[in-house]
Structures are given as structure tokens and as C-alpha cells.
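The values are calculated or read from the model by the stated rules, or taken from the named source; none is laboratory data. Just so you know, these numbers come straight off a predicted model, no measurement behind them. As a convention, Cβ positions derive from the backbone with ideal geometry for all residues, glycine included, and neighbour counts pool all protein chains shown. For the accessible areas, the whole protein counts, side chains as well, though only heavy atoms, and no ligand, DNA or RNA atoms are used. Shrake-Rupley method; radii C 1.70, N 1.55, O 1.52, S 1.80 Å.
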Amino acid sequence: MLSQRMKNLTPYVPGEQPQDRKYLKLNTNENPYPPSPKVDAKLKAVESERLRLYPDPEMNELRTAIAQRYGVEKGQVFVGNGSDEVLSFAFYAFFDENNGKLLFPAHTYSFYPVYCDFYGIGYEKVPLNDDFTVAVDRFDGKNSCGIIFPNPNAPTGIALPLSEVIALLDSAPSDRVVVVDEAYVDFGGESAVSLIDRYPNLLVIRTFSKSMSLAGIRLGFAMGSSKLIDALFMVKDSFNSYPVDTLTQEAGRAAIADREYYDGITEKIVADRDRIAAELVRIGWRVLPSSANFIFARKQGVAGEEIYRKLRERGILVRHFAKPGIADFVRITVGTGEQMDTLLAEIRKTF
Ligand SMILES: *Cc1c(COP(=O)(O)O)cnc(C)c1O
């Protein structure tokens, strides 16, 4: 009944979205603040008559808005149904085994090996440094079919300085694509967008899910040379001509235009992140330096799984990865100030 290729599928396991009881959800890096009020107004204003027609398959107005916001050309922007979809198109378009394996950090976004298996791309996990930073000098770009890494990295939260991103780009042959997944860059990373004219093999991927509070709408985008963007359109049009619906295109435009609102909520999240990180360190935890909207933390003598389980019993969801090297840690999404106070109170009582 099933095709042969189904045998190779190992799906990604997303963080829990429990429907049974109300948890304080600090496990999937969603934003605790609502989207811009302008998104709300826009969604209410779109006339349902417009939904009779297919959406714009080239997503022109949204791409123009994104291009203006980041100082690039519309032809350097691709938009997809969540950055996960944009990533999957990029894997299909740019990576194959002819030139060697795809390189990514040993501890990183766990969707990357899933796409590799899906498309039959060999990969190699490059060990992190002892301090959990990405080890740029261990990436042998010349013997690879490409490189991908998030910046800031997940689940560590540690950002790579732009100078090291440039070093990585300089080490890779100009015909191998380097993808920088900037899902968390708004919370403190340095973006590589300014480099796309200098490096036609650089693709920068962004999402509306984290800093723009729109995880439910599924919207992500890529910026890179028009050659890379054209290739992503070819993949899209071989798969689904209309992955981004009319409402989503409109909501995305409204969000991208309200920079002031989003700068405000990002500032709050960053302040609460630094506050709880400092407080956890004060009570004896180790917290990796985060430039994201989550922290990666451990308590000496307590297994990560136990932290996860005990917090869950108390109605707080965090993420635990049962993987050698990071199994002692939990990843905690930064919520509102009040939510962080609840978390800290439970942690003080429990561990
Ligand atoms: C959340 C996340 C994504 C996926 O974002 P969507 O746009 O919601 O699909 C991609 N990469 C990393 C590193 C992420 O953490």
C-alpha cells in the first residue's frame, strides 16, 4: 500500500501542543505577546469576496514590503508557508551528494536531518566547541555540498558574530550554497542580509513565527541572490503554486510595516530573558549566553528529563532533548514578565 520511499521517512517531532489542560507553554518559542494590532485590523478588513480567487502566486506585494524593510530587491525575496517550507525547498534546490555532504552543527534545529533523509542528502554533524559555540574552523566547506546553520543557533541560543559568518562564507567554494537560518535574529543576533550582494551563494531565511507573533499563520521568507530565489520559485511551482494564502499575504504586509510595535515587544522579551538568566545563575544554574527568545539551562545534579517532567507536573511546559551532549539541559521559551516570575517561583520550590 505504501511507496518504497516511505521506508526512509523519519518525521520531525514538534514540541507538544497539548489540548487537554491549560499549561504555561514555554516549549515551542512562540511569542507571548499578540501580533501587531494592525494585523488584527487587516484580517478583519479583508473581504471574503477576495477569497473566491486564488492568491497572487508571486506574492508581489508582500515581497515588495519585505524587500523595502530589509533594503533588498523584490527579486531577492522568496516567501513560503512557514520557514520550514522555505527550508525544505532550499534543501531540494541546492543540496545533493555530488559534491559531498551537507554540513551543519552537531546540536541544531532537528528538522535539518529530517529534510536530508526526505531528499536523500548525506549530511555530517560538525561538533560544537566545548562552550557550545558553533566551531567555524571545523567546517570543511570545500568538501561539502553546502552548509546550513541557524544564527543564533538553536537550541543553544548562542549567536555567531558576523565576522565568523563571513569566515565561513569565505571558506566555502562560491558554487556551494550557505544557508543562514535567522529564525531568532531579532532577539539579538547580527543578520547576514547585508552580505547577499557580496555572496551570491548566501541564502538568509527568516520567519514570522517568533519575533512577529504569527506562528499560527505559517509565514517565512528567504533573501538571497535572484539566482537562488528563482530556483526556490521553480521548486514551489513544481509542488504547489499557491502555498501562501491571501489572508496570510495581507497579514504579513501589515506586520512587516509595524516595526515600532515589534521593536517594543522584542525589547520586553530580551529584558525578561536577561533577568531570568541572571536569576537562574544566581541560584546555581548554568545558562548559556542567549541571543534568542529562549534560554538553554541546566542544574548540576538534576537530569534535564527530570526538570522537564517536574515542571510539567506543575503545569509548565519546557523542551527537553534526550540527546547525548545536551541531555542535561532544558530549553525554556521567554514568556511575559509575569510568566517568568511564575516559572522562577516553581523552580525555586522544586529544585
Ligand atoms: C522555529 C524555527 C523554524 C521554523 O519556523 P516556521 O516559520 O514556524 O516554520 C525554522 N528554523 C529554526 C531554527 C526555528 O527555530
Discussion item. Quick one: 3J(HN,Hα) in Hz for segment 273-288, Karplus 6.51/-1.76/1.60 with θ = phi - 60°, rounded, Gly and Pro as x.
Written reply: 4, 5, 5, 6, 4, 5, 5, 5, 4, 4, 9, x, 8, 9, 10, 6
Worksheet item: What span do the alpha-carbon atoms of segment 258-323 cover on each of the three principal axes, reported in whole Å from largest to smallest?
Response: 43, 24, 23
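When only C-alpha pairs under 8 Å and at least 6 residues apart count, what is the relative contact order of the chain, in percent?
Values: 648 pairs, mean separation 80.5, N = 351.
23 percent.
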Practice prompt. Could you tell me the convex hull volume per residue, in Å³, taken over the Cα atoms of the chain?
Written response: 155 Å³
Worksheet item: Per-residue HN-Hα couplings for segment 256-263, Karplus 6.51 cos²θ - 1.76 cosθ + 1.60 at θ = phi - 60°, whole Hz, x for Gly and Pro?
Response: 5, 7, 9, 5, 4, 4, 5, 4
Response to the item:
Amide H contacts under 5 Å for A183, restricted to residues at least 5 apart in sequence or on another chain and with H modeled in the peptide plane, are N151
Response to the item:
Quick shape summary for segment 97-188, equivalent ellipsoid via Cα gyration tensor, semi-axes whole Å in descending order, reads 20, 15, 12
Worksheet item: With θ set to phi - 60° and the Karplus curve 6.51 cos²θ - 1.76 cosθ + 1.60, what are the ³J(HN,Hα) couplings of segment 234-249 in order, to the nearest whole Hz, using x for Gly and Pro?
Response: 4, 5, 3, 6, 9, 10, 6, 6, 10, x, 10, 6, 4, 4, 5, 4
Discussion item. Leaving ligands and nucleic acids out of the surface, order S3, S225 by accessible area at 1.4 Å, largest first.
Written reply: S3, S225
Response to the item:
Whole-percent carbon and sulfur contribution to the accessible surface of segment 186-332 (1.4 Å, no ligands, DNA or RNA) stands at 50 percent
Worksheet, complete the sentence: Sorting I347, I166, F221 by the position of each Cα along the dipole of the chain (Lys, Arg +1; Asp, Glu -1; all at Cβ), the one nearest the positive end of that ordering is I347
Practice prompt. Work out the length of the dipole vector of the chain about its Cα centre, built from +1 on the beta-carbon of each Lys and Arg and -1 on the beta-carbon of each Asp and Glu, and round it to the nearest 20 debye.
Written response: 940 debye
Worksheet, complete the sentence: Bridge orientation stat for the chain from DSSP, antiparallel percent rounded to 5, came to 50 percent
Response to the item:
One point scatterer per Cα, no solvent, Debye formula: log10 I(q)/I(0) for segment 237-351 at q = 0.12, 0.19 Å⁻¹ comes out as -0.56, -0.95
Discussion item. Which order do you get for T10, T133, T156 if you rank them by accessible area with a 1.4 Å probe, largest at the top?
Written reply: T10, T133, T156
Fill in: Area accessible to solvent at L51, 1.4 Å probe radius, in Å²
90 Å²
Item to complete: Work out the charge dipole of segment 52-206 with +1 on the Cβ of Lys and Arg and -1 on the Cβ of Asp and Glu about the Cα centre, then indicate which of T133, G82, V185 is farthest towards its positive end.
Response: G82
Practice prompt. Taking the Cα centre of segment 104-219 as origin, work out the dipole magnitude from +1 charges on Lys and Arg Cβ and -1 charges on Asp and Glu Cβ, in debye rounded to 20.
Written response: 340 debye
Worksheet item: Where nothing but the Cβ of Lys and Arg (+1) and of Asp and Glu (-1) is charged, how large is the charge dipole of segment 228-282 around its Cα centre, in debye to the nearest 20?
Response: 200 debye
Worksheet item: In whole Å, what three semi-axes, largest first, describe the equivalent ellipsoid of segment 226-302 built from its Cα gyration tensor (square root of 5 times each eigenvalue)?
Response: 39, 19, 11
Discussion item. Please compute, for the alpha-carbon atoms of segment 209-263, the extent along each of the three principal axes and give them in descending order in Å.
Written reply: 36, 23, 16
Practice prompt. Calculate what fraction, in whole %, of the accessible area of segment 33-126 sits on carbon and sulfur atoms when a 1.4 Å probe is rolled over the protein chains.
Written response: 48 percent
Worksheet item: Cα convex hull of segment 1-156: how many Å³ per residue?
Response: 232 Å³
Worksheet item: Picking from A167, A67, A90, which is most flexible by a Gaussian network model of the chain using Cα springs under 10 Å?
Response: A167
Fill in: Among H107, G284, L195 the positive-end extreme of the charge dipole of the chain (Cβ point charges)
G284
Discussion item. Over the chain, with the other protein chains present, what is the accessible area per residue in square angstrom, probe 1.4 angstrom?
Written reply: 46 Å²
